[in-house]
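The values are calculated or read from the model by the stated rules, or taken from the named source; none is laboratory data. Note that the structure is a prediction, hence the values are computed from the model and not measured. As a convention, Cβ positions derive from the backbone with ideal geometry for all residues, glycine included, and neighbour counts pool all protein chains shown. The accessibility values were calculated without ligands, DNA or RNA, using every heavy atom of the protein model including side chains. Shrake-Rupley method; radii C 1.70, N 1.55, O 1.52, S 1.80 Å.
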Amino acid sequence: MNKVTKRSDLICYIAMASLGLYLAAYQYAVTDITTEFSLQGWATGLVVACHFAASFFLPPIAGELADRFGRKPVLCGAFILMAAGMLCSALSSSIWLLMAGAMIAGGGSCTIESSMSSLLSQTNPEQETRVMNLSQMAFCAGAIISPIYGSLLQSFGLDWRIIYLTGVAAVLITGAFVMRMQLPPAPPRQKGLYLRQVLKNPYFVFLLICMLIYVGIEESAGFWAGSYVEKGLGGIVSKSWLLVMYWLGMCVGRLAASAITKRLGIITIIGLAVCAVFLVLTLVWPTPVRLCIAFLGAGLGIAPAWPLIMANATVCSTEFPDTSAGAIMSAGCAGGMLLPTILGVVETAAGMRTAFAVLTGIVFLFCALLASSKNFRKS
C-alpha cells in the first residue's frame, strides 16, 4: 500500500467517524425531540424515518453521476447538503422544519458513506471486507462519542441543538479534507443506465434485500433504545449508556472482523443469532447492568453484517463501483424508513416492550435468510 492510498484511507475513516457521530447524535436526540414536540410513538417513527427518506433516492443518483463524471463534485455537494440539513434541524422551531432538515442531512450523509465505501473498495482490491470493517469501526467510534458528548452538554443545561451546531463545523472541516484527496478517475462512460446493468446480477439483488433488513434492525435498536428504557422500563438506566454500549459492541466486533479472512459469512450469521439472544435478554432481564450488557452484546453480534454485505456488493460490480454502492445504501435506507416506522405503530398500539419483541423476531428471521444463501455462507 503506497502513501497516497494510506492517506486516502485515513481520510475516508475520518469521514466515516463524522457520519457515525451525526447518526448517534440523532439517535440520542430522538427522545428529547419526542418530548419537546409532544410526539406519539407513530410520529417518533416518522421522525426517525425522515433521516432515510432522501437517502433512499440520492445515493443511487449520486453513484450514477460519480461513475460518469467523477466522485469529487458529488462528494462536495453531499457535504454541503449534510451541513445545511443539520443546521436546519438545529434552528428549527417546528417539527416539520426539523423533519426537512433531517431528510436533507440524511441524504448527504448516506451519499458520503456510499462514495467513501466504494472508494475504499476500489483502492484496496482483495481487501474489501477488511477495509469495510475498519471504516465501519471508525463509524462506530464516532457514534460512541455523541451520547457521551450529549450527556456532558446536558449536565451544563444545554440541549440537543448544540450537538447539531458543533456537528455542522465538524462536517465542513471533514469535507475540506476530502476535497484535497487524490481520487481515482471515473471509469470510461458507457451507454444506458448503469443501475439497470448492476441489477441484472441475482446475488446483488439478494444483497439489496439483506441490506434493507439489516439497516432496519440496526437503526430500530439504536433509535428506540431511549424510548424503550424511558417508556417501557421507567428510565431505569440512562439512554446514553445504552447507546454507548451498543456502538462500542459494534466497534469491537468490526475491529475483530477486520482480522478474519475466512468463513466470515458463517461468523456473521452466528453473530446475528447472538444479537437476537441478547435482545431477548433486554426483555426478560431488564436490570440496569443486564441492559448495558445486552446492548453491548447486540452491537457485537450484529457488527460484521454491514461490512460484509457492502464488500460483497462492491465485488459484484467492479465496473460501476459507486452505482452499486449507491444502490446498496438506498436499500438500507428503505429499511431504515420502514422498520422503525412499523415499530412506532406497534409501540403506539401495544407498548414498547412488544415492539422490541417484534424486532427480536425479525433478527432471527434475518439469520435464516442469510443462512439460505450458499454464496453468502462462503463469503
_the chain - charge dipole about Cα centre, Lys and Arg +1 at Cβ, Asp and Glu -1, debye rounded to 20_ = 980
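Note down the relative contact order for the chain as a percent, whole number, built from C-alpha pairs under 8 angstrom at least six residues apart.
The normalised contact order for the chain reaches 29 percent.
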_Enclosed volume per residue, in Å³, of the convex hull spanned by Cα atoms of the chain_ = 119
*Cα gyration tensor shape for the stretch 281-324, rounded if a/c is under 1.5, else prolate or oblate*: prolate
_For the chain, accessible area per residue (1.4 Å probe, heavy atoms of protein chains only), Å²_ = 39
*What are the radius of gyration and Dmax of the stretch 68-175, computed over its Cα atoms and given in Å?*
15.8, 49
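What is the Cα convex hull volume of the stretch 242-372 when expressed per residue in Å³?
Measuring per residue, one finds 112 Å³ for the Cα hull of the stretch 242-372.
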_Lys/Arg +1, Asp/Glu -1 at C-beta; the stretch 151-223 dipole; positive extreme among Tyr214, Val198, Met181_ = Val198
*Going down the table (Lys72/Lys378; Lys6/Lys262; Lys200/Lys378; Lys3/Lys72), which pairs top 26 Å between alpha carbons?*
Lys72/Lys378
*With just the Cα atoms of the stretch 1-115, tell me how far they stretch along each of the three principal axes, in Å, largest first.*
53, 25, 22
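Keeping all protein chains in place and using 1.4 angstrom, which order do Tyr149, Tyr194, Tyr13 fall into by accessible surface area, from largest down?
From most exposed to least exposed: Tyr149, Tyr13, Tyr194.
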*Reachable lysines from Lys239, Cα under 20 Å, same-chain residues fewer than 8 places away excluded?*
Lys231
